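Here the structure is laid out as structure tokens; the discussion comes afterwards.
Each reported figure results from applying straightforward, stated rules to the coordinates on display, with no laboratory input. Everything numeric here is computed off the predicted structure, so don't read it as measured data. Virtual Cβ from ideal backbone geometry, glycine too; neighbours counted across all protein chains shown.
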Amino acid sequence: MEVVVFYILAAVIIVFSILTVTTQRILRSATYLLFVLFATAGIYFELNYSFLGAVQLTIYAGGIIVLYVFSILLTSPDGDKLATRLPKGKLFAGLVAAVAGAVICIFITLSHSFPETHFVPGEIDMKKIGFALLGTEKYQYMLPFEAISVLLLACMIGGIMIARKRG
């Protein structure tokens, strides 16, 4: 049953990822991206990583998509439609780059012999995750955590400034 659920979630991710980048409407693209993020959270929950699944749902599916939608509605005059279509040369170049990237990824995945790991499946203790995120030792992430918080603060201030200019 787990394999069937995985394949369903993988199919949802593939279909909605393609729809995300091919649709002509920006808000539909954000909605399709939301479905991709939900399916990714489903894979985390299937792997018994409830912390990562919850983070995926709250941060990405909840916060980032709302941020995208508000930024689209605040900055775009139409709000929902793309301004112009791509010229055929750029579209062809993008398709060639996408196919080349897919071929390289498939080649590397199929030709690489993945070593067996000593990974024990299951949830990591929340205390270990907290110490890893907010520690200052080697392989701990206090500095990137603070840098991201400054970046998000700058984004909020920028969004407020754009909204004030329009209002």
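Tabulated results
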| read-out | value |
| --- | --- |
| Förster radius 41 Å - calculated FRET efficiency between LYS165 and VAL103, Cβ distance, rounded to 0.05 | 0.35 |
| q = 0.25, 0.30, 0.31, 0.36 Å⁻¹, the stretch 1-40: log10 I(q)/I(0) [Debye, one scatterer per Cα] | -0.72, -0.90, -0.94, -1.11 |
| FRET E, pair VAL96, ALA11, Förster distance 41 Å, beta-carbon r, rounded to 0.05 | 0.95 |
| Selected from ALA39, TYR49, VAL96, residue furthest toward positive end of dipole (the chain; charges at beta carbon) | VAL96 |
| Which labelled figure in (i) 16.5; (ii) 16.0; (iii) 19.5 is Kirkwood radius over Cα pairs in Å, once derived from the coordinates | (iii) |
| Those lysines that a straight Cα-Cα span of less than 26 Å connects to LYS165, excepting residues fewer than 8 apart in one chain | LYS81 |
| Per-peptide average of other Cβ atoms within 10 Å, ordering 138-149, 21-32 highest first | 21-32, 138-149 |
| Structure-based [θ]222 nm, the chain - -39500 (n - 2.57) summed over DSSP H runs of at least 4, per residue, nearest 500 | -23500 deg cm²/dmol |
| Net charge dipole size for the stretch 124-167 [Lys, Arg +1 and Asp, Glu -1 on Cβ; Debye, nearest 20] | 300 |
| Extension gain from TYR139 to ALA54, taking 0.36 nm per residue of separation minus the Cα-Cα distance | 28.3 nm |
| Estimated dipole of the chain in Debye, rounded to 20 [Cβ of Lys and Arg +1, of Asp and Glu -1, Cα centre] | 980 |
| ASP125 versus PHE70: modelled label distance in nm, points set 7 Å from Cα along the beta carbon direction | 3.8 |
| Computed E for LEU152/SER113 - FRET, C-beta separation, R0 41 angstrom, nearest 0.05 | 0.55 |
| Whole-number D in µm² s⁻¹ for the stretch 124-167, Kirkwood Cα-pair radius fed into Stokes-Einstein, 4 °C, 1.567 mPa s | 105 |
| Reachable lysines, given that their alpha-carbon falls under 25 Å from the alpha-carbon of LYS138 and they are not under 8 places away in the same chain | LYS127, LYS128 |
